[in-house]
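Enquirer: Below: one structure in structure tokens.
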Amino acid sequence: MSAPDPDCLFCKIVTGDIPAEIVHQTPSVVAFRDVAPQAPTHVLVVPREHQPDAAALASASPTTVADLVTAAQTVAETDGLGGDYRLVFNTGVGAGQTVFHTHLHLLGGRPMTWPPG
Ligand code: AMP
């Protein structure tokens with residue numbers, strides 16, 4: 001597993017050095033509410049290990065990608081979303097990625113439009 005990056009915001013949330021509203025955690029992942037929610041439920045599920053994006057995580061630790069999705073489903077159930085939610089990995093600046101520590105967005109609690117902007 002890669003070590004925490006001292007310059008990474010989400011590594012600092014994982015280690016507890018920066019506070020967040022944590023809603024679920026497992027040995028491999030941490031889920032916390034997005035500070036600027038775009039839906040009634042907007043939770044970020046991140047791996048404890050630092051990898052810059054979903055593809056890098058899939059190469060380094062493929063089972064952790066499944067752990068992210070499983071954790072998102074658990075939070076969706078806790079938040080009463082049933083089976084209606086959206087999961088998003090923004091990858092690359094051009095796709096809107098602003099934090100370069102893999103994170104899965106869980107969005108739900110309102111109708112979802114398609115295609116996204
Ligand atoms: P992205 O644009 O896909 O990289 O997503 C980054 C997300 O992190 C955005 O939705 C931000 O609102 C969210 N975010 C940034 N800082 C924090 C923080 N300290 N706690 C929780 N969410 C954050």
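Enquirer: In region 1-20, how many residues are in a loop (DSSP other than H, G, I, E, B) and either free of Cβ contacts under 8 Å to residues at least 60 places away in the same chain or β-branched (Val, Ile, Thr) (or both)?
Expert: The qualifying residues number 10.
Enquirer: Across region 21-36, which residue is surrounded by the fewest Cβ atoms within 10 Å (Cβ to Cβ) among those that are within 12 Å of the ligand (Cβ to nearest atom) and not in a strand (DSSP E or B)?
Expert: This residue is 36.
Enquirer: A further question on this structure: Within region 89-102, work out how many residues are among the hydrophobic types (A, V, I, L, M, F, W, C) and surrounded by 16 or more Cβ atoms within 10 Å (Cβ to Cβ).
Expert: Total meeting the criteria: 2.
Enquirer: Identify, by number, the condition in (1) surrounded by 19 or more Cβ atoms within 10 Å (Cβ to Cβ); (2) more than 13 Å from the ligand (Cβ to nearest atom) that residue 14 doesn't meet.
Expert: Failed condition: (2).
Enquirer: Something else about it: Residue by residue through region 14-41, note down the ones that are out of contact with any helix residue (DSSP H, G or I) (no Cβ under 7 Å at 6 or more places or on another chain) and under 18 Å from residue 67 (Cα atoms).
Expert: Passing the criteria: 14, 22, 25, 27, 33.
Enquirer: Which of the following residues is over 14 Å from the mean Cα position of the chain (by Cα), touching a residue at least 12 places away in the same chain (Cβ under 8 Å) and within 13 Å of the ligand (Cβ to nearest atom): 39, 60?
Expert: One residue alone meets the criteria, 39.
Enquirer: From the list 107, 81, 44, 68, pick out the single residue that is more than 16 Å from the ligand (Cβ to nearest atom) and either touching a residue at least 24 places away in the same chain (Cβ under 8 Å) or assigned to a helix (DSSP H, G or I) (or both).
Expert: Only one candidate passes the filter, namely 81.
Enquirer: Of these, 91, 74, which one is outside any helix (DSSP H, G or I), touching a residue at least 12 places away in the same chain (Cβ under 8 Å) and β-branched (Val, Ile, Thr)?
Expert: 91
FYI, it's all coordinate maths here, none of it is from the lab. Just so we're clear, the structure is a prediction, and the values are computed from it rather than from any experiment. FYI the Cβ positions are ideal-geometry reconstructions off the backbone, even for glycines, and counts take in every protein chain you see.
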